[in-house]
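Quick notes on the structure that follows.
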Amino acid sequence: MTRYAYFHGEIVPIEQAKVSIMTNTFNYGTGCFGGIRGYWNEERQQLYVFRILDHYRRFLDSAHILLAQLDYTPEQLAQITVDLLSKEGWRQNCYIRPIAYKADESIVVRLHDLQDKVAIFSQPVGNYLPIAEGISVGTSSWRRVDDTMIPARGKIIGSYVNSALIKSEAQLNGFDDAIVLNQDGHVSEGSAANFAMIRKGVLVTPPTSSNILEGITRRTVIQLAQEEMGLPVEIREIDRSEVYLAEEAFYCGTGAQVSPIVSIDHRPIGTGKVGPLVAELQALYFRVVKGEVERYTDWLTPVPQAVTA
Ligand code: PMP
């Protein structure tokens, strides 16, 4: 089966989507990317892409931080993605990866006066984390990149070295992931997901000023918690030790989806099992992304199936 990618302005067989080792972004991480999910609804035989325009708005915001001149609107990028997915013909959940990169074969370290290009590929995806039984996490000895260093609110390629350091340390120490603190010692997020907890019946999550990525899943779960579950939400700084006292905790992200956290630094969270509110939120999230909740179908972009001759 031929696989495809969007590369140099067209959809091509993926083997043709290659860059030189001299490419600026390959050398310095001077690009940004997105991570979007497509969900397959088996009953309707339909693939839905979740919040595609919001993802591309953030993608273009990240590019803007990197002085990248991309001649695309979110709508154009969404259309290209739908065309690509139509051609790929996934009949299962998939992950979509747009990348904006400095395409010059030049080893100058700067952002301006370089050529910016966009590439997009997709691949099938399952669940990254054991989302049914819950995950155990530690507190990372690394700190989150600060806004004054590499802005965490953008999805900037180079800053994922920070995420990789956090993830590997956590896994090599026997955890599934870690909670990373910002420079002030407040909770920021996970290696590649936002953090939230239920404390005294309130959903609490750190503000963007805690050096988090402006997560689209975070926004989604905040809205679902408020509108569908009547849960109060507080966006405020969280201390390291406060998370030990949460009734429930979870990660949220395109990859992580809604991943319950059942222990932090070897302390059980609540009962040490997936809690009722996070279980409800997770179930609701999965119904929403598959198009099963009418009220939120505006978030979904159906992918037309290519007609095979
Ligand atoms: N933080 C980081 C560092 C991430 O890489 C991700 C995944 N994109 C998230 C948070 C969650 O963001 P989103 O819900 O938009 O996928």
Exercise. Tell me, please, whether a residue that is at pLDDT 95 or above, surrounded by 15 or more Cβ atoms within 10 Å (Cβ to Cβ), outside the structural domain of I198 (by TED's automatic domain parsing) and of a type in the set (A, V, I, L, M, F, W, C) can be found in the range 271-279.
Key: no
So the strands (runs of 3 or more DSSP E) completely within the range 1-67 holding 2 or more residues that are among the β-branched types (V, I, T) are 10-13
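Output the residue which, of all residues in the range 168-199 that are part of a loop (DSSP other than H, G, I, E, B) and under 21 Å from L231 (Cβ atoms), is farthest from the ligand (Cβ to nearest atom).
Narrowing the range 168-199 to residues part of a loop (DSSP other than H, G, I, E, B): 173-176, 182-185, 190-193.
From what's left, under 21 Å from L231 (Cβ atoms): 190, 193.
Numbers: G190: 7, A193: 5 Å.
Within the range 168-199, the match that is farthest from the ligand (Cβ to nearest atom) is G190.
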For the range 200-234, the count of residues that are assigned to a loop (DSSP other than H, G, I, E, B) and either within 15 Å of the ligand (Cβ to nearest atom) or in contact with a His (Cβ under 6 Å, 6 or more places away or on another chain) (or both) equals 7
- request: With respect to I96, determine if the residue is in a strand (DSSP E or B) and either within 12 Å of the ligand (Cβ to nearest atom) or not assigned by TED's automatic domain parsing to the domain that holds D71 (or both).
  value: yes
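Residues are listed down the side, and each one gets a yes or a no for (1) in contact with a helix residue (DSSP H, G or I) (Cβ under 6 Å, 6 or more places away or on another chain); (2) more than 16 Å from the ligand (Cβ to nearest atom); (3) open to solvent by less than 20 Å² (accessible area, probe 1.4 Å); (4) at pLDDT 95 or above:
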{"site": "M1", "(1), (2), (3), (4)": "no, yes, no, no"}
{"site": "A5", "(1), (2), (3), (4)": "yes, yes, yes, yes"}
{"site": "G9", "(1), (2), (3), (4)": "no, yes, no, yes"}
{"site": "T23", "(1), (2), (3), (4)": "no, yes, yes, yes"}
{"site": "C32", "(1), (2), (3), (4)": "yes, no, yes, yes"}
{"site": "G35", "(1), (2), (3), (4)": "no, no, yes, yes"}
{"site": "N41", "(1), (2), (3), (4)": "no, yes, yes, yes"}
{"site": "Q45", "(1), (2), (3), (4)": "no, yes, no, yes"}
{"site": "D61", "(1), (2), (3), (4)": "no, no, no, yes"}
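Please go through the range 208-222 and pick out each residue that is more than 13 Å from A196 (Cβ to Cβ) and not charged (D, E, K, R). Walk me through how you get there before you give the answer.
Of the range 208-222, the ones more than 13 Å from A196 (Cβ to Cβ) are 208-209, 211, 213-214, 216.
Selection gives T208, S209, N211, L213, I216.
Going by the structure shown, is V145 open to solvent by less than 30 Å² (accessible area, probe 1.4 Å) and either away from the ligand (no atom under 15 Å from the Cβ) or closer than 17 Å to I235 by Cα (or both)? Give the steps one after another, and end with the answer.
Numbers: open to solvent by less than 30 Å² (accessible area, probe 1.4 Å): yes; either away from the ligand (no atom under 15 Å from the Cβ) or closer than 17 Å to I235 by Cα (or both): no.
No, not satisfied.
The values are calculated or read from the model by the stated rules, or taken from the named source; none is laboratory data. Note that this is a predicted model, so its numbers are computed, not measured. When we count neighbours, we look across all protein chains shown, and the Cβ atoms used for this are built from the backbone with ideal geometry, even at glycine. Side chains are part of the model used for accessible areas, which takes the heavy atoms of the whole protein and leaves out ligands, DNA and RNA. Shrake-Rupley method; radii C 1.70, N 1.55, O 1.52, S 1.80 Å.
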